[in-house]
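S.K.: Okay, handing you the structure first.
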Amino acid sequence: MNIDGMSEETLEKFVDSGYIHQFADIYHLKDYEDEIVSTKGFGRKSFDNFIESIDNSRNTEAYRVIFGLGISNIGLTNAKMLCHQYNDDIYALIKSTKDDLVKIDGVGEIIADSFVNYFADENNMEEFNNLLKEINIKKSEAVSLANDNIANKTFVITGSLNHYENRDALKNYIESLGGKTTNSVSKKTDYLINNDSLSTSSKNKNASKLGIPIISEEEFKEYLDADIEELYSPFLLKGMEETVRIIVAAINDRKKIRVIGDYDIDGICSGYILTSGIERLGGIVDFDVPERIVDGYGLNERLIRKAYDDGIELIITCDNGIAASSQVKLAKQLGINIVITDHHEVPFEITEGGKIYILPEADAVIDQKQPDCTYPFKELCGAGITYKVIDAIYESVYLNGTYTIDVANDVKSEDIISKEEFMREFLVFAAIATVGDIVDLVSENRTIVKNGLKHINDIDNKGLKALIEANELTGKVISSYHISFIIGPCINAGGRLDTARKAFELFRCTSENEAVIKAIELKDINDERKDMTAFYTEKALDILKNDDRYKNQNVIVVYLHDCHESLAGIIAGRIKEIYYKPVFVLTDCEEGVKGSGRSIEGYSMYEEMVKADTRFRQENTTDEHLFIKYGGHKMAAGLSIDKDRIDIFRERYKGKLDC
């Protein structure tokens, strides 16, 4: 196998890992994560998605093989698009013509040419056939892996133990689950269990040398259990106590509350969690969301003034607001209380003395990335945060079968349900958003996704059921793959080409007929979005291939003047998969130019934009900024900029990854 960008030594490790001979055991790839993610086109985000996205069909085998062959321009996303079009017939795909391939969503001329040319070579075709013969993946094995079964994994145990009586007890437990234990570390070892990861013992040294993960008993237990009861207390989040006090008081006082979300999957799901949770506790609450074209991202003056005109007394943001200092100030001037819940990076300025963080002066702020927030896990998405907020409110007002204060005037005591039942539906929506927002699927995120998707077919949400049915997934085990590539894009589609209200209203449907109509409408919008995305992705790739300005750019800034601005992020993500570089895609909009960026591991997109903006101001000795508006986090960002500054922006991102 020739994998572009992978050295012979790394390739040898890759083969020794069992990837080829034990293809079902994809978690074995974790052994060599650092080497694999350095491969061109294979970032850490792609790696995590690859590990998590187990689809129980032969196509899973196919796209992993095709991606692994290292065909030029065939990244993981493109391999999936190719393979899933052809269902189980892998050889029909290999024998397809270029004209057949370009009809597939997301596959354009460049990708089709690369694919056809690769398999026109008899040696490559022979390599492909030999590789397929060596692989024996079974649906039952894939299912067991999806359920975190440790069968066939090999563990070495060393050091002192805290939770198990002795090593034999832990060995017996591992073997009872189908795992194996040995006394020595070798290339066949999957994990070394040692509570002292910094130990200088020979086993630790050998494990480190071979790239074998060293995990503690706690990590071993967390890996197996992902127990929802082990989530951190929501009250560890800075601002949670004040947030709960404000919301409970507003519910009790019958104040009009408005939740303001965002137009993507995270903003919709977090908005649904907050709105429905407050409503079920008796609150008077509604939902609003910015319109992508009119408003742009996040809280804005129009939404604030609209809330004032509607008599709103409390605004709660979700998945936005941390960068809305001026808008929060306006709300306060108008006499509206405001609570910020967000998960994005806190804005800051760079001075000679270091970073100065700029927090909105809201009545309460929850964002785990606040510099003085000590919450142990920093990667929750917006819906993960709102799940915590509703959890905290429930804990505060409900005790031993009764409400402890007069919250929820319209809720009868016989209608009070258990916390588990109350939170189950919200856990499902938190899981959907966690996968859809592409945050790291580790720690609490992994626990939320595992437990949430487990209940996705159990909850009585007519809108979600209709969306699953519209995509012909009824009765199937819904995995993170289905969320990422089927359900999630439908939820996002309304906010891209129409309005995000469509997805929110779908999940709030009480009529099955209405839910079916809305679900089909979202799917149709998403199908339209697919065609547009394929066209402009191909156009962007053609520009990069033929324009010499891009040859030496380590950070790609491509301008597609007539592309719909809502597609910029998707296209940036697809280009990133192919080139494995940070990518910005810019498009024309009513106010000038807007853009979206997608990054790679190790390059903080938002922080580098702050640096670029700071230097622009310093060099021009002016208060003017390089960007009109910008925000985001390490892996993704959004911006608006004057058209005459596009070349300045491109120049600042050419060459060095640190700008």
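The values are calculated or read from the model by the stated rules, or taken from the named source; none is laboratory data. All figures in this text were calculated on a predicted structure; none of them were measured in a lab. As a convention, Cβ positions derive from the backbone with ideal geometry for all residues, glycine included, and neighbour counts pool all protein chains shown. Areas reflect the complete protein model, heavy atoms only, side chains present, ligands, DNA and RNA absent. Shrake-Rupley method; radii C 1.70, N 1.55, O 1.52, S 1.80 Å.
S.K.: What's the number of the only condition in (1) among the hydroxyl-bearing types (Ser, Thr, Tyr); (2) surrounded by 15 or more Cβ atoms within 10 Å (Cβ to Cβ); (3) over 27 Å from Lys255 (Cα atoms) that Thr351 fails to meet?
M.R.: (2)
S.K.: Working carefully through the options Glu222, Glu217, find the one that is modelled with pLDDT of 75 or more, of a type in the set (D, E, K, R) and either closer than 30 Å to Asp367 by Cα or surrounded by 14 or more Cβ atoms within 10 Å (Cβ to Cβ) (or both).
M.R.: Testing whether each residue is modelled with pLDDT of 75 or more, of a type in the set (D, E, K, R) and either closer than 30 Å to Asp367 by Cα or surrounded by 14 or more Cβ atoms within 10 Å (Cβ to Cβ) (or both) leaves just Glu217.
S.K.: Could you check how many residues of segment 622-634 are open to solvent by 30 Å² or more (accessible area, probe 1.4 Å) and assigned to a loop (DSSP other than H, G, I, E, B)?
M.R.: Total satisfying the criteria: 7.
S.K.: If Asp264 meets every condition in (1) open to solvent by 10 Å² or more (accessible area, probe 1.4 Å); (2) farther than 28 Å from Asn526 by Cβ; (3) modelled with pLDDT under 95 apart from one, which number is that one?
M.R.: Among (1) open to solvent by 10 Å² or more (accessible area, probe 1.4 Å); (2) farther than 28 Å from Asn526 by Cβ; (3) modelled with pLDDT under 95, Asp264 violates only (2).
S.K.: Something else now. Quick check on my filter: what residues within segment 545-557 are modelled with pLDDT of 90 or more and closer than 28 Å to Lys103 by Cβ?
M.R.: Listed by number, the list holds a single entry, Ile556.
S.K.: Please determine whether any residue of segment 578-590 is touching a strand residue (DSSP E or B) at 6+ places or on another chain (Cβ under 7 Å), at pLDDT 90 or above and over 14 Å from Arg650 (Cβ atoms).
M.R.: Scanning segment 578-590, I find at least one residue that is touching a strand residue (DSSP E or B) at 6+ places or on another chain (Cβ under 7 Å), at pLDDT 90 or above and over 14 Å from Arg650 (Cβ atoms), so the answer is yes.
S.K.: Can you find a residue in segment 328-336 that is in contact with a Pro (Cβ under 8 Å, 6 or more places away or on another chain) and within 29 Å of Glu444 (Cβ to Cβ)?
M.R.: yes
S.K.: Among the residues of segment 603-621, which ones are farther than 18 Å from Ile575 by Cβ and in a loop (DSSP other than H, G, I, E, B)?
M.R.: Ser604, Thr621
S.K.: Also, I was wondering about something else. In this structure, does Leu639 turn out to be modelled with pLDDT of 85 or more and of a type in the set (A, V, I, L, M)?
M.R.: yes
S.K.: Within segment 326-339, does at least one residue satisfy the condition of being buried (at least 24 other Cβ atoms within 10 Å of the Cβ) and of a type in the set (D, E, K, R)?
M.R.: The answer is no, given that none of the residues of segment 326-339 is buried (at least 24 other Cβ atoms within 10 Å of the Cβ) and of a type in the set (D, E, K, R).
S.K.: Hey, does segment 487-500 have a residue that's over 20 Å from Val289 (Cα atoms) and more than 21 Å from the chain's Cα centre (by Cα)?
M.R.: no
S.K.: Could you tell me whether any residue of segment 343-353 is in contact (Cβ under 8 Å) with a residue 60 or more places away in the chain, of a type outside the set (D, E, K, R) and within 12 Å of Lys238 (Cα to Cα)?
M.R.: For segment 343-353, residues in contact (Cβ under 8 Å) with a residue 60 or more places away in the chain, of a type outside the set (D, E, K, R) and within 12 Å of Lys238 (Cα to Cα): absent.
S.K.: Given the conditions (1) of a type outside the set (Lys, Arg); (2) over 15 Å from Ile246 (Cβ atoms); (3) open to solvent by 40 Å² or more (accessible area, probe 1.4 Å), and given that Asp363 satisfies all but one, which numbered condition is not satisfied?
M.R.: Result: Asp363 fails condition (2) only.
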